[in-house]
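First the structure, then my questions, so here it is.
Bear in mind that the values in this text are calculations on the coordinates, not laboratory data. These numbers come from a predicted model, not from an experiment. A quick note on method: Cβ atoms are made from the backbone with ideal geometry, for glycine too, and the neighbour counts reach across all protein chains shown.
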Amino acid sequence: MGLKKGKTEILVAGLVIGIIAALLVLFGNPVNMGFCIACFLRDTAGALGLHQAANVQYIRPEIIGLVLGSFLLATFRKEFSPKGGSAPLTRFVLGFFVMIGCLMFLGCPFRMILRLAGGDLNAVFGMVGFVCGILLGVFFLTKGYSLKRTYQLPALEGRLLPIIQVVLLVLLIAAPVFIHFTEAGGGPGALHAPIIISLAAGLIVGALAQKTRLCMVGGIRDVVLFREWKLLIGFVAIFVSALVCNLIFTAATDGTYFTLGFAGQPVAHTDGLWNALGMLLTGFGCVLLGGCPLRQLVLSGEGNTDSAITVIGLVAGAAFAHNFGLASSGEGPTANGKIAVVIGIVVVALIACFNTFRKDTAKA
Amino acid sequence: MKLLDARGLSCPEPVMMIRKAMASGENAYQIVVDNPTARENVTRYAVHQGYQVSAEEKDGEFTLSITK
């Protein structure tokens, strides 16, 4: 296995993913939101009626594509492997609070990069918090944190989440009355690229991420832990190519895809402290989960049911966030959201402690 | 030769395991992993540390022999 080849692969994949993310905005997605795993899972939760925030309801084909792209390539490469059983309920809870952190900041780590590439300096605070959260997680990893091993499972178990994505695609296209879609002009949920483009984008990015193991959290984690730069190259490549595309599109079209500054950024707020704390919670939780929300979707496609449970935790977190007023808006964070983030940091820290310093009584 | 069982563990745990083992300063290790990501990551780490790695696959499990 060529180590250099791996780095070139992820560099190219990152550049392609950055271009695709920028193109999705050009084709209709909200600005700085070519991809956002947190926002898109939240929109999908809304479309299914799991929350009633009418401005963020749409079955996002990008999510469907990411899971299926990973599933198809993993199957083709004989890397599909149904497994699970590594502390699934703990992972659900971690996923839940990772989403609470994301919706405080208004974006997952992937969108954080895209926000930076769109000139949104609020994401710098998010990045600071994100790195701090990762360092917290790394501290526990070095002390022996583990959610213990997975086990082989029947094939159907690993295929269920990809099958659910196919069902979601049917619901999106058929659009029965019980599925909620944000009305035109009604908010970010109404802003989206055509289904076929979003789906294709998801499939390509899902396959690229499966091949390269791209992970926003893993990039920083591996540099800190092992001085290993491979995953971080993907992270930086996405930023660079999305930035260049945004600048080109701003110069070449009537739209504005790059605005440097803090105020008035699309689907963002300017509260630096809570942007940082939201992403601290996200970074911390994701290290304990072994990967960012994008990576969880990709692993789900590979048959990892622990990651599938994490994705369901993310969806549940999104539904709670909007049902109980925890999610921020362009106006800023809510009081409930701040309380939830603090609770989240405490819960994640407790999970980290219990799975690091416990005395094993049960034999594995 | 130190033997390590990292089956079922997801990254970065297998790499943490080999890193911890390497702190003992032995010249040869054998680690069993059961997913390609762990195989790639452990291999990359060991090569960076100046070791040579050879892999054997059997029934979806990879036995990595790591030597100085």
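Work out the charge dipole of region A:1-98 with +1 on the Cβ of Lys and Arg and -1 on the Cβ of Asp and Glu about the Cα centre, then indicate which of A:Ala45, A:Gly65, A:Leu89 is farthest towards its positive end.
Looking along the dipole axis, the top candidate is A:Leu89.
Using every alpha carbon pair in the protein assembly as shown, what percent of pairs falls into each 10 Å bin from 0 up to the bin containing the largest distance?
Cα pair-distance distribution for the protein assembly as shown, in percent: 5, 23, 34, 25, 10, 3, 0.
Roughly how large, in nm² to one decimal, is the mean projection of the convex hull of the alpha-carbon atoms in region A:65-128?
Mean orientational projected area (region A:65-128, Cα hull): 6.2 nm².
Also: What is the sum of charges, Lys and Arg at +1 and Asp and Glu at -1, for the other residues whose Cβ falls under 13 Å from the Cβ of A:Asn246?
Taking every Cβ under 13 Å from that of A:Asn246, the sum is 0.
Among A:Phe96, A:Phe71, A:Phe324, which one shows the highest mean-square fluctuation when chain A is modelled as a Gaussian network with alpha-carbon springs under 10 Å?
Between A:Phe96, A:Phe71, A:Phe324, it is A:Phe324 that shows the largest mean-square fluctuation.
Still on this model: Could you pull out which residues in region A:42-68 have an amide N less than 11 Å from a spot 7 Å beyond the Cα of A:Leu171, following the Cα-Cβ vector?
Zone members listed by number: A:44-51, A:58-60.
Additional query: Determine, from the Cβ-Cβ distance of A:Lys4 and A:Thr356 and an R0 of 25 Å, the FRET efficiency 1/(1 + (r/R0)^6), rounded to the nearest 0.05.
On the way: r = 35 Å, r/R0 = 1.40.
The computed FRET efficiency comes out at 0.10.
For the protein assembly as shown, what is the percent of antiparallel DSSP beta bridges, rounded to the nearest 5?
Working: 16 of 22 bridges.
DSSP beta bridges in the protein assembly as shown are roughly 75 percent antiparallel.
What are the extents of the Cα atoms of region A:195-268 along their three principal axes, in Å, largest first?
44, 33, 21
I'd like the per residue volume of the convex hull spanned by the Cα atoms of region A:1-138, given in cubic angstrom.
Numbers: hull volume 23.1 nm³, N = 138.
With only Cα atoms used, region A:1-138 gives 168 Å³ per residue.
What helices does chain A have that are whole DSSP H segments, at least 24 Å long along their own axis by Cα, and with mean Kyte-Doolittle hydropathy of -0.5 or more? Don't skip to the end; give the middle numbers.
Details: long enough: A:3-26 (35 Å, 1.74); A:88-105 (26 Å, 1.90); A:122-142 (31 Å, 2.11); A:155-174 (28 Å, 2.14); A:195-212 (25 Å, 1.73); A:230-252 (33 Å, 2.18); A:272-289 (25 Å, 1.63); A:305-323 (27 Å, 1.04); A:335-354 (29 Å, 2.35).
Once both thresholds are applied, what remains is A:3-26, A:88-105, A:122-142, A:155-174, A:195-212, A:230-252, A:272-289, A:305-323, A:335-354.
Compute the Kirkwood hydrodynamic radius of region B:2-67, taking the inverse of the mean of 1/r over all pairs of distinct Cα atoms, and give it in Å to one decimal.
Numbers: mean 1/r = 0.0882 Å⁻¹.
Kirkwood hydrodynamic radius for region B:2-67: 11.3 Å.
Share of antiparallel DSSP beta bridges in region B:2-67, in percent to the nearest 5?
On the way: 13 of 17 bridges.
Among the beta bridges of region B:2-67, antiparallel pairing accounts for roughly 75 percent.
Continuing with this model, one more query. Please report, in cubic angstrom per residue, the volume enclosed by the convex hull of the alpha-carbon atoms of region A:12-73. Intermediate results must be reported in sequence, preceding the final value.
Numbers: hull volume 5.4 nm³, N = 62.
Spread over its residues, the Cα hull of region A:12-73 gives 87 Å³ apiece.
To the nearest 20 debye, what charge dipole does the protein assembly as shown have about its Cα centre, counting +1 at the Cβ of each Lys and Arg and -1 at the Cβ of each Asp and Glu? Don't jump to the answer; show the numbers that get you there.
Details: 33 positive and 24 negative charges, 230 e Å.
The dipole of the protein assembly as shown has a size of about 1100 debye.
A further question follows. Counting helices only, and only those DSSP H runs with n ≥ 4, report the 222 nm mean residue ellipticity of chain A as the sum of -39,500 (n - 2.57) divided by its residues, in deg cm²/dmol to the nearest 500. Show your work: numbers first, answer last.
Details: 14 runs with 237 residues, N = 364.
So the helix-based figure for chain A works out to -22000 deg cm²/dmol.
Starting from the Cα of A:Lys78, step 7 Å toward the Cβ, then list every residue of region B:48-68 with an amide N under 17 Å from that point.
Under cut-off, by backbone N: B:55-63.
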